[in-house]
Each structure stands twice: as structure tokens, then as C-alpha cells.
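One structure below.
The values are calculated or read from the model by the stated rules, or taken from the named source; none is laboratory data. Remember, it's a predicted structure, so these values are computed and weren't measured experimentally. Ideal geometry is used to build each Cβ from the backbone, glycine not excepted, and the neighbour counts take in all protein chains shown. Side chains are part of the model used for accessible areas, which takes the heavy atoms of the whole protein and leaves out ligands, DNA and RNA. Shrake-Rupley method; radii C 1.70, N 1.55, O 1.52, S 1.80 Å.
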Amino acid sequence: MNKKSNQLGFETRAIHAGQTPDPLTGAIIAPVYTASTFVQDGIGENKGYLYSRPGNPTRLTLEVCLADLESAETAFAFPTGLSAAATVLELLEAGSRIVAHDDLYGGVYRLLADLRPKNSGHEVIFVDFADIDAVKAATTNDTAMLWFETPSNPLTKIVDIRNIAEIGQSTDALTVCDNTFSSPFCQRPLELGIDIVVHSATKFLNGHSDLLAGVAAVSPSAPDGMADRLRYLQNAVGAVLSPNDCAMLLRSLKTLPIRMERHCQNAMRIATYLSENKSSLGIEKVLYPGLGDHPGHKIASQQMNGYGAVISLLLTGGQERADKVLRHTQLFQFAVSLGGVESLIQHPASLTHATVPVERREAVGVTDNLVRLSVGIESCDDLISDIEQALRV
Ligand SMILES: *Cc1c(COP(=O)(O)O)cnc(C)c1O
């Protein structure tokens, strides 16, 4: 390729970034190097690899592609999203102050609310990041990190990414955005001034519900040496993605743009349909950032390319009704996770957010009557008939 990679379109880069035919054989797809160790030429002389924890050629190919898609300086591939998050938290000294969004994936909440305060002495304050004044008020000059998701899980709250980046810059707090729900196709936080993006690549990036993986990607404008520190920490902690899983994820990335386009299109149609037929379908509220009445719609339109594929529904009739709906959908299968080509439905209060104490859950709005849809790329007409018949049972 003659053009600099970042001048090419996203769809082209998803297929080609970091990848050239194998010089030895002409193989068009990057070889999978499963070797744990690499033969050395002499002391201090090698071909760039020593041992597969500090560096593996298949992983590097994936990391170059991921960095390109997120407009990052460097990206790192982890075995899970949570290990990526946990390793990013290792950047902080003991006793650090963190300000975090009050609507986060349950596993990340557990790290921030329980593990790190206990084991690292961090002080973690949770505020609503959709309320910029609340974030400003909570962020003092000794705040080390700001951590958020947008759209958030499961309430689809929208955070103004540029504003959070500015608060981080003016207080010297490192900013971290979990971009799992959007993928770099819909949203690139590093381009808006955020320092580090993390992902559960288990979700949209892989998109086929057949592996666990995580990513941390560091902005070229993050504080000096940040990428090197994270590289050091990943090796020190030892959380690396296996070469076979790297190859699977590389393959998945090639169809990320086309999958995301259809995910977003289907979700928009379903959210609109459900919202227009709320009363007859027994729905109190449809939460989807693409809807004009969503409180974050305007900001989402400015910072996102497509509104993602997660829709939350507040049903009439409480948990009993939620259970009934979950049991009656057929295409929307009752399972946790999201971002796969197949549609899913789940119940956050009893599953993904069961780690969040009940008072806290109720206070932020993750109530018993909330069900979350992850809209897949099946025929949209089929999906609408399926959810409709389940809501009418
Ligand atoms: C699933 C998820 C995680 C955790 O990722 P794993 O790959 O399951 O470890 C983190 N953040 C968000 C937003 C998620 O949806």
C-alpha cells in the first residue's frame, strides 16, 4: 500500500492494517505462530522475539490492526476485557483517587468498588458521567483517573467524551473510556482527546460469540511513556491473548464495519418500532441513543457514527413480566453478553449486574423490570415479529 495507512477508509484498514502477504510463502493471511519460544542467534541477537509472553508475531499483527482502527499509538491484546481493565488499573500507585461512571459493566464495577479499594487502597468515587458538572465537582487535582463507558451498560447513558477529555487534561487525570458498546466503527474516543480505550473484544470486535478477548489502546497524545508502561505491565502481569485467538480476532475484524452497519440499522428499526408501539406492547420506556427522545441523543449524534445495537426496555409488570418475555422470545436467545451476530436478550438485575448491590442498582435505575436486547444481524422483520410475539404473550 502506497498511501499511509490512516488515510485509507476504515473498511479498508479493518481488512489490511498491519497485514501484508507472508514474504516466505505469499500466504495472504498472517501465519499463526503458536511457538512459545524463539531460537536466539547469539547473546543479544534475535529476530525481534524471545518468548511469546513479551511478544508474539501473530499478536503483534492483531495489535497493529487494532491500534490503527482506534487511532491509537499502540494497542495490546488481552485474554479478556476484564484483564485489560485490571492491567490498566495497575498504572496507578497504591492509594490513588479514581472518579468512575455510576453505570458500568458489573465486572468492572466489582474491580473498582471492591477489589482495588481493598487491595490497592484506591479511593473510588462514582458519579453520573452524563452530568458534566457532577464530574467536574468530583474531580480534584489529586484525582489520578477518570473511568467511563458510553453508551453505558445497561442504561445507554451518553457521556460527552470531549468534555471528559478536557476535565482530565485540566486536572492531569488519566482518562479511560470503555468503548466495548460502540467499537471503533461507531466511536473513536482517542480522537476526541481520551488517553486510553479499553474493550471487551469478546463483544462486537469479535462479533461471533466464540472467544474471550480484551484490548487496551493508548493515544499518541497520552502522557509520555504511557504505551511503554502498559507494555511493561502486560508482560509483568502476564495477561496475553493466545496466538490462535489473535488469528480468530483478526479474521473477525475484517467484517467489523459491515457487521456494525447492519447491527446499528436493525437496532434503530427495532427501537423505533418498539417506541412507537409502547403502550400496546406493555413497555414503559425504550432506551436507545438513536431515538430523538433519548436524553443523550444530541451528543450521541455528534460523537457517534451509528448508535450501536444495545436497546434496554423498561417493561410494565416488574420482574415477573420480564421473566415471561425472556422465556418466550425465540430468535432473541436468553443469554448474557452482547455484540454477536445472533440476537440476545438478558436481565441485567439478576445477571450482568448481580455484582452491584441492590440499593445501588435501584438508585441508578437498573430495576427488576429492565431487559436488555443485543440486536444481531438476522433479518430485521424476523427480529421484530419475535420480540413482538413475546411482548404480547
Ligand atoms: C463484557 C464487558 C466487559 C468485560 O469483558 P470480558 O471480555 O467479559 O472480560 C467489560 N466492559 C464491558 C462494557 C463489557 O460489556
TODO: For region 243-393, report the translational diffusion coefficient in µm²/s to the nearest whole number, using Stokes-Einstein at 4 °C, 1.567 mPa s, and a Kirkwood Rh over Cα pairs.
DONE: 80
TODO: For region 74-165, run through the trypsin sites (Lys or Arg not before Pro) and keep only the ones in DSSP coil with at most 16 other Cβ atoms within 10 Å of their Cβ.
DONE: none
- [ ] Would you calculate a helix-derived [θ] at 222 nm for the chain, using -39,500 (n - 2.57) for each DSSP H run of n ≥ 4 and dividing by the full residue count, to the nearest 500?
- [x] -10500 deg cm²/dmol
Task: Cut-off 10 Å between beta-carbons: net charge of the residues surrounding residue 390, Lys and Arg +1, Asp and Glu -1 - done: +1
- [ ] Taking the Cα centre of the chain as origin, sum charge times position over the Cβ atoms of Lys and Arg (+1) and Asp and Glu (-1), and report the length of that vector in debye to the nearest 20.
- [x] 540
TODO: Note down, for region 1-114, the three equivalent ellipsoid semi-axes (square root of 5 times each alpha carbon gyration tensor eigenvalue), biggest first, whole angstrom.
DONE: 33, 22, 13
Task: Cα centroid of region 122-143 to Cα centroid of region 310-368, whole Å - done: 28
- [ ] Report, to the nearest whole %, how much of the accessible area of the chain belongs to carbon and sulfur atoms, 1.4 Å probe, protein only.
- [x] 51
Task: Cα centre as origin, Lys/Arg/Asp/Glu Cβ charges: region 1-136 dipole, Debye - done: 360
Task: Surface per residue (accessible, 1.4 Å probe) for the chain, Å² - done: 43
Task: Net charge of neighbours whose Cβ lies under 11 Å from the Cβ of residue 67, counting Lys and Arg as +1 and Asp and Glu as -1 - done: -3
Task: Net charge dipole size for region 181-332 [Lys, Arg +1 and Asp, Glu -1 on Cβ; Debye, nearest 20] - done: 340
Open item on the list: Over 5 Å intervals from 0, what percent of Cα-Cα pairs in region 129-229 sits in each interval?
Closed with: 3, 13, 23, 24, 19, 12, 5, 2, 0
TODO: Please report the base-10 log of the normalised intensity I(q)/I(0) for region 67-172, using a Debye sum with one equal scatterer per alpha carbon and no solvent, at each q in 0.11 (1/Å).
DONE: -0.34
Open item on the list: Let me check I've understood the local charge: for residue 82, count other residues with C-beta under 11 angstrom from its C-beta, Lys and Arg +1, Asp and Glu -1. What total comes out?
Closed with: 0
- [ ] List the residues whose amide H sits under 5 Å from the amide H of residue 126, counting only those 5 or more places along or on another chain, with H placed 1.01 Å from N in the peptide plane.
- [x] 100
Task: FRET efficiency, residue 273 to residue 40 (Cβ-Cβ, R0 45 Å, nearest 0.05) - done: 0.15
TODO: Calculate the length of the line joining the C-alpha centroid of region 224-299 to that of region 69-103, in whole Å.
DONE: 17
Task: the chain: radius of gyration and largest Cα-Cα distance (Dmax), Å - done: 21.2, 75
Task: Fraction of antiparallel bridges per DSSP, the chain only, in percent to nearest 5 - done: 55
